[in-house]
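Contents: one structure, followed by commentary.
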Amino acid sequence: MRIGIDAYVSGSARLGGFTHYISRLVEYLAKGEDELLVYVPTGQIADVVIESSPTCTVRRLPFELSDYPDRSVRDFRWHQEVLNSALYEDAPDVILGTSFFLPLDWPGAKVVTVHDLVFERHPEFFTEVNLALYKEWGRRAAEHADAVICVSQATASDVAELWGITDKPVAVTLLGSSLRTTPTDIEVSREVVREQLGVTGAYLLNVGATHPRKNLRGVLDVYTALPKAVRESTGLVLMNADFPPVWSTLREYGVQEDVTVTDWLPNEVVPHVYNAAALLLHPAHREGFGLPVLDAMTCGTPVVGSDRPAVPEIAGDAALLHDPADTDAMAKSVLRLLDDDRLSAELGAAGRRRSGQFSWEGLAASTRAVLAEAVTNRAAS
C-alpha cells in the first residue's frame, strides 16, 4: 500500500501533540512494508520522518510558510492546491490528513485525523480565524473522508454528536507517551532540573498553559489556595509556557516571582522535569487526549486533574480528578498527595501500570488497518 501522509504541521515543536502524533506515526508505520510518501513544505523541519528508512520518501513541496502570514490563506493553499497537485502526480493509494484537514478534490481514498472538537465545545478559547478554519474546513474534511480517525473515544463521540458523522467508520487510535525515555533515578532527574531550570526544591508541574483550554487560571487558583507554608516549600513549574499572556496572568495573580516558567525544553530534559515533580496539576477545561497526563503517569508522577473529557478516559482510576472549576477540591487533593507519601507512591505506581496500555506501535497498527479498509471500500464502491 502506498500511503500519503500530510506532515504540514510537523515542523513546529510548539504544536505539541500534533508533532508527537505525526512523528511517532511515521516512525512506526515506516517499520512496515508499506511505501510512505511524507509531504512537507520546502524548508520545513523534517525531524518527524525517518529519511533513512527504505519505505519512507520525504516529499518537500515548493511552499514557503513565511509567504502566507494569514493562516486561513496558508492552510487553503497548502491543502487544496499544493498538496492536492502532488497527490495527482504521485497517486498514492490513500492520503492521511494528520491534523483535521484534507485536499477535498483528491478523488482517491482519504482519511482524516480529528484530534478534538474543543473549538465546538469552547469557541471562546479560539481566535475568529482559527475558529472559522476548524469549523468549516475541518468539518468538510471529515464529511469528505472515507474514514475518520480520533485520538480518544471522547473525540469520536463529539464527531458523531456535534458533526453528525455516523455514515462512515470513525475509529479511535489512542496515542502513546511523547517521552522518548523514562527516567528511573529521581535523584538524577532532580539534578537535571536544578541545572536546567534552577529549581532546587519540590514543585507542582503544569504543561502547555499557553492555550486557554489548559486553564492556567485554574492552575493558579489552586496554587494560591494552598497554605503559605506549603507554597514556600513547594514551587510551581509551568513547562513550555514562556509567552507574554502567561506572564501577564502571573502578574495579575502577583506570583510572577514565585513561579518558574520554561520555554520549549529539549526532548532529553522533559522526562526529568516530569519525573522530579511532586505531581502534575492538570485542570484542563477539555482535552482531545491529554498527553501531559499520560507522560506524567509514564514516569510514575501522580496526577491531580480535570474530570472533563478526555482526561478520565486516559487516566482511568490512576489519578485524582475533579471539576476544573472546583478549586477547593483540587487544592485538597494536592495537599493529600504532598502530605501522604504512601498515597503518592500508590497513585504513581497505578499510573505506570495504566500507561502500559498505550503505545505508538498499537496506534500505527490500528491506523494502518483504517487506511487499508478505506482503500478496500473505495475500490469496491
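Helix 216-225: angle to the longest alpha-carbon principal axis of the chain, degrees 0 to 90, nearest 10? The angle comes out at about 10 degrees. Taking θ as phi - 60° and the Karplus parameters 6.51, -1.76 and 1.60, the scalar couplings of the range 278-289 work out to 5, 6, 9, 9, 9, x, 4, 5, 6, 9, x, 9 Hz in sequence order, x denoting glycine and proline. A cut-off under 11 angstrom between Cβ atoms defines the neighbours of residue 324, and their net charge, with Lys, Arg +1 and Asp, Glu -1, is 0.
As a check on your grasp of the helix formula, calculate [θ] at 222 nm for the chain: sum -39500 (n - 2.57) over DSSP H runs of n ≥ 4, divide by the residue count, round to the nearest 500.
Numbers: 17 runs with 160 residues, N = 381.
Value at 222 nm, helices only: -12000 deg cm²/dmol.
Compared with the dominant principal axis of the Cα atoms in the chain, helix 17-29 is inclined by about 60°. Using C-alpha pairs below 8 Å separated by at least 6 residues, the relative contact order for the chain is 15 percent. Taking all Cα pairs closer than 8 Å and separated by 6 or more residues, the relative contact order of the range 186-355 comes to 23 percent. Listed values for the range 133-149 are Karplus-derived 3J(HN,Hα) couplings in whole Hz (6.51 cos²θ - 1.76 cosθ + 1.60, θ = phi - 60°), namely 4, 5, 5, 8, 6, x, 5, 4, 4, 5, 5, 7, 6, 6, 7, 10, 9, and x replaces Gly and Pro. Only one residue of 198, 290, 343 has its Cα farthest out toward the positive end of the dipole of the range 186-355, where Lys and Arg carry +1 and Asp and Glu -1 on Cβ, and that residue is 290. Each peptide in 139-148, 286-295 receives the mean, over its residues, of other Cβ atoms within 10 Å, and ordering these scores from highest gives 286-295, 139-148.
The magnitude of the dipole of the range 131-285, with charges of +1 and -1 set on the Cβ of Lys/Arg and Asp/Glu and taken from the Cα centre, is near 260 debye.
Please give the helix 153-163 orientation as an angle from the longest Cα principal axis of the chain, in degrees from 0 to 90, rounded to the nearest 10. Tilt relative to the chain: about 60 degrees. Proximity of backbone amide H atoms, modeled 1.01 Å from N, is registered between residue 37 and 3, 4, 5, 57 at under 5 Å, excluding neighbours fewer than 5 places apart on the same chain. Taking amide H positions as modeled 1.01 Å from N, with prolines and chain starts lacking one, the residues under 5 Å from residue 261 and 5 or more places away or on another chain are 238. In order along the range 351-358, the phi-based Karplus estimate (6.51 cos²θ - 1.76 cosθ + 1.60, θ = phi - 60°) of 3J(HN,Hα) comes to x, 4, 5, 4, 5, x, 7, 10 Hz; Gly and Pro are listed as x.
Quick check on the range 186-355: take the gyration tensor over C-alpha atoms, sort the square-rooted eigenvalues as a ≥ b ≥ c, and tell me if it's rounded (a/c under 1.5), prolate or oblate. Rounded. If only the Cβ of Lys and Arg carry +1 and only the Cβ of Asp and Glu carry -1, the dipole of the chain around its Cα centre is close to 200 debye.
Based on the mean of other Cβ atoms within 10 Å per residue, sort peptides 374-381, 325-332 so the most packed one is first.
By packing density, highest mean first, the sequence is 325-332, 374-381.
Here residue 110 is the anchor, and the lysines within straight C-alpha reach of less than 28 Å, apart from those fewer than 8 places off in the same chain, are 31, 135, 168.
Spin-label pair residue 210-residue 188: with each label point 7 Å from Cα along the Cα-Cβ axis, the two points sit 3.0 nm from one another.
Remark: the Cα gyration tensor places the range 143-233 in the oblate category, a/c being 1.5 or greater and a/b not exceeding b/c.
Rule-based calculations on the coordinates, nothing more; no lab input. All of these numbers come straight from a predicted model, not from anything done at the bench. Because the Cβ atoms are built from the backbone with ideal geometry, glycine has one as well, and the counts that use them run over all protein chains shown.
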